[in-house]
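A short reminder: the numbers here are calculations on the coordinates, not readings from a lab. All figures in this text were calculated on a predicted structure; none of them were measured in a lab. Note: ideal-geometry Cβ built from the backbone for every residue, glycine included; neighbour counts use all protein chains shown.
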Amino acid sequence: MGKDDELRLLAQAYLDAPDASRDPRVQEMARAEVVRVERAFEALKRKIQIVFVSHDPYSSFEQLRDQVRSERRMLVYTGGSETPLWSPEANWKARAVHDWDHLEHSADFSFEGEAAMARHASAQTPGLSPLYISEIALQAAVQNYTGNFAAQKFVRPTVQVDRVVRSLRGIDAPPPDAEAVWLAAGVLGAIPPMSEQARRTRLMMHLKAHGYTAAQAVVIAYAALGVEEYRRV
């Protein structure tokens, strides 16, 4: 499958799929992402000045990069921020953090650059990988294929879409069975009070009993602990 075919498949999948934003698990992922973004945004404000503007301020990645380098100031577009996942203000902050990630990793705004950002976000917070695939990879596919931005929503990828997304240059496969991260987080919540080490050991035993290798269990358990931390916030 060529690049154009991949773009068409992913863009059409996003456009045609129903919006799953109201699913309780998706809402939980969205809340976790808002917490992560808030922390990252506060850290970013200590590095550069951020100015929210009502017009699209940059015509290219290079223009963004050059201004931030020379002025230590970044303009962030506030338009197109209506989404069922979080508030417009949260979307502005998420956009600022996302654009900074582009700068940090020298990834332009091409489809390949956005794919790299989906990889980066998924590596940082594996339990939210489905959200990043929908928010970054699939929306970028729509923009690059049609030339327009689609209304924001959460899309559950089909098996075929998931396979293509995992194979894209710049995107690693999410942790083995991303669904297991959320199931593992539920197991953690059901474990009776005991030491943190004992809870982790109990969770690892549960995962290995369900057929995961030790390496897979470590990744899933780590991500589940991150989900649990967000739930406590």
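Some notes on this structure:
- Under 5 Å, built H, 5+ apart or other chain: amide partners of F52: V76
- When peptides 96-108, 61-73, 113-125 are ranked by their average number of other Cβ atoms within 10 Å per residue, the highest-first order is 113-125, 96-108, 61-73.
- Sequence ranges 148-154, 27-33, ranked by mean other-Cβ count within 10 angstrom, highest first: 27-33, 148-154
- Helix 88-104 vs. the chain, principal-axis angle (Cα, 0 to 90°, nearest 10): 80 degrees
- Highest average packing first - 137-143, 50-56, Cβ atoms within 10 Å: 137-143, 50-56
- Helix 61-71 vs. the chain, principal-axis angle (Cα, 0 to 90°, nearest 10): 90 degrees
- Size of electric dipole in segment 14-102: Cβ of Lys, Arg +1 and of Asp, Glu -1, about Cα centre, debye, nearest 20: 520 debye
- Using θ = phi - 60° in the Karplus curve 6.51 cos²θ - 1.76 cosθ + 1.60, the 3J(HN,Hα) couplings for segment 48-60 round to 9, 7, 10, 10, 7, 10, 8, 10, 6, x, 10, 8, 7 Hz; x is entered for Gly and Pro.
- Structure-derived semi-axes √(5λ) of the Cα gyration tensor in Å - corresponding label in (1) 31, 22, 16; (2) 26, 20, 18; (3) 28, 21, 17: (1)
- Charging the Cβ of each Asp and Glu at -1 and of each Lys and Arg at +1, and nothing else, the dipole of the chain about its Cα centre rounds to 780 debye.
- Against the chain, whose longest principal axis comes from its Cα atoms, helix 178-190 is set at around 50 degrees.
- Pairwise centroid distance, computed over Cα atoms, of segment 104-118 with segment 1-69, Å: 11 Å
- The number of Lys pairs in segment 3-167 with C-alpha atoms less than 28 Å apart, excluding pairs fewer than 8 positions apart on the same chain, is 5.
- The gain in end-to-end length when the M194 to V51 segment is fully stretched comes to 46.8 nm, 0.36 nm per residue minus the alpha carbon separation.
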